[in-house]
Amino acid sequence: MAKPLLCGRMEIGRVYNIGASAISNNWVYKGILSYEDAVIVSGKPYWPGGLVVALALPPGSRGRQLDERELAALEAEQGAGVRPVKKGELPPLVGAQEYAELFGVTQVAVGQAARGGAGQLPEADYTLSGSNLWLLDTVLDSAEATMKKSRKGLWVLRDAVAAALREGRYEGPGSFLSQRGNKAQSASDGV
């Protein structure tokens, strides 16, 4: 299967030459994009690349103009071969929170292993909006090596979590959109 083009806020901003904050503050607010169309990985939204490309207005129009050069560069960086339009067309993805849940460790341990350079974790398939993402298949293909290289055998693959991720029914840490800014503050005040 060809690797799909995937876009977080920063990548959308890049191909449309706008600030990444405009995605949540303007595009989602006005209904141009919806979080319902995104996959949520480690609490952040990522949209299928074909959907992002389809948002462009015709050349010469005022407003959303796609920068074709930036799009081509992004596809080359990702090694993307397809532009899915719906989130259901995307393969299962894993961020640091899901990785931690998969192996029964903390998110801090995942971050340390990713930065450690000892080869405990495979290279990320994507770095989007500042976060590493892996295809679930990449993680599972490397699971044996990950467990072997863990200190004291702390990293143990949880098959039930892997199955939930593969079947699209995972509801653990990272599966919901993280609230930020004023929304996060008002939510914590109400607790």
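The values are calculated or read from the model by the stated rules, or taken from the named source; none is laboratory data. Note that the structure is predicted; figures quoted are calculated from it, not measured. Note: ideal-geometry Cβ built from the backbone for every residue, glycine included; neighbour counts use all protein chains shown. For the accessible areas, the whole protein counts, side chains as well, though only heavy atoms, and no ligand, DNA or RNA atoms are used. Shrake-Rupley method; radii C 1.70, N 1.55, O 1.52, S 1.80 Å.
When you check residue 101 against the structure, is it more than 16 Å from residue 145 (Cβ to Cβ), open to solvent by 30 Å² or more (accessible area, probe 1.4 Å), out of contact with any Leu (no Cβ under 7 Å at 6 or more places or on another chain) and in a helix (DSSP H, G or I), yes or no? Reasoning before the result, please.
Numbers: more than 16 Å from residue 145 (Cβ to Cβ): yes; open to solvent by 30 Å² or more (accessible area, probe 1.4 Å): yes; out of contact with any Leu (no Cβ under 7 Å at 6 or more places or on another chain): yes; in a helix (DSSP H, G or I): yes.
Yes, satisfied.
Within the bounds of region 9-32, is there any residue that is aromatic (Phe, Trp, Tyr) and within 30 Å of residue 108 (Cβ to Cβ)?
Residues of region 9-32 aromatic (Phe, Trp, Tyr): 16, 27, 29.
Okay, now just the ones that are also within 30 Å of residue 108 (Cβ to Cβ), so none.
No, that holds for no residue.
Is it the case that region 65-76 has a residue that's open to solvent by 40 Å² or more (accessible area, probe 1.4 Å), touching a residue at least 40 places away in the same chain (Cβ under 8 Å) and among the basic types (Lys, Arg)?
No, the conditions are met nowhere in region 65-76.
Step by step: first the residues of region 141-160, then only those that are of a type in the set (Gly, Ala, Ser) and exposed (fewer than 15 other Cβ atoms within 10 Å of the Cβ), then the one that is modelled with the lowest pLDDT. Which residue is that?
Let us first name the residues in region 141-160 that are of a type in the set (Gly, Ala, Ser), namely 142-143, 145, 150, 153, 160.
Next cut, exposed (fewer than 15 other Cβ atoms within 10 Å of the Cβ) only: 145, 153, 160.
On the way: 145: 91, 153: 76, 160: 96.
Looking at the filtered set, the residue picked out is 153.
May I ask you to list the residues in region 1-22 that are open to solvent by 10 Å² or more (accessible area, probe 1.4 Å) and either within 15 Å of residue 77 (Cβ to Cβ) or in a loop (DSSP other than H, G, I, E, B) (or both)?
Passing the criteria: 1, 2, 3, 10, 11, 14, 17, 18, 19, 20.
Filter region 137-172 for residues that are acidic (Asp, Glu) and in a helix (DSSP H, G or I); which is nearest to residue 88 (Cα to Cα)? Quick ask: steps written out before the conclusion?
From region 137-172, those acidic (Asp, Glu) are 137, 141, 144, 159, 167, 171; that's our starting set.
Adding the requirement that they be in a helix (DSSP H, G or I) leaves 137, 141, 144, 159, 167.
On the way: 137: 16, 141: 22, 144: 28, 159: 22, 167: 11 Å.
Restricting to residues being acidic (Asp, Glu) and in a helix (DSSP H, G or I), the top hit is 167.
Return the pairs, sorted by first residue and then second, in which the second residue is part of a strand (DSSP E or B) and of a type outside the set (A, V, I, L, M), the first residue lies in region 80-94 and is without any contact (Cβ under 8 Å) to a residue 40 or more places away in the chain, the beta carbons are less than 7 Å apart, and the residues are 6+ apart or on different chains.
85/48
Examine region 23-40 for a residue that is at pLDDT 95 or above, under 25 Å from residue 160 (Cα atoms), surrounded by 12 or more Cβ atoms within 10 Å (Cβ to Cβ) and touching a helix residue (DSSP H, G or I) at 6+ places or on another chain (Cβ under 9 Å), and state whether such a residue exists.
yes
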